[in-house]
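So the structure is just underneath, and the comments pick up after that.
No value in this document is a laboratory result; all are computed from the given coordinates. Just so it is clear, the structure is predicted and the values come from calculations on it, not from any experiment. Every residue, glycine among them, receives a Cβ derived from its backbone with ideal geometry; neighbour counts consider all protein chains shown.
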Amino acid sequence: MPDAPVSRHLMIRGRVQGVCYRASAQAEGSRLGLRGWVRNRPDGSVEALVAGPETAVEHFIAWARRGPPAAHVQDVVVAAAEWPEPGAFSVRPTA
């Protein structure tokens, strides 16, 4: 039986800006076939919305807890979220 589709909102804190986190997250989301987006926040955190098969979303969340090699992730808060607009996984402007 295929995975049920889920959508999750992530707030990622730590040293996650200036370390290619967004570009790496976009690559990981695309590799996993997910929909959604990632963006920097003015407070130094990174925000993401990811949606797709539950197993793929869980793989993305596990990746988000590590991030790219130069990142130092301290915390990832995960919550249920509305389904994102159709389209490829993207990098959004800081908001």
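Things to note:
- Two-decimal ratio, segment 5-82, of alpha-carbon radius of gyration to 2.2 N^0.38 Å: 0.97
- Per-residue [θ]222 nm for the chain (sum of -39500 (n - 2.57) over DSSP H runs n ≥ 4, rounded to 500): -8000 deg cm²/dmol
- Shown is the FRET efficiency for residue 72 and residue 3, computed with R0 = 25 Å from the Cβ-Cβ distance and rounded to the nearest 0.05: 0.25.
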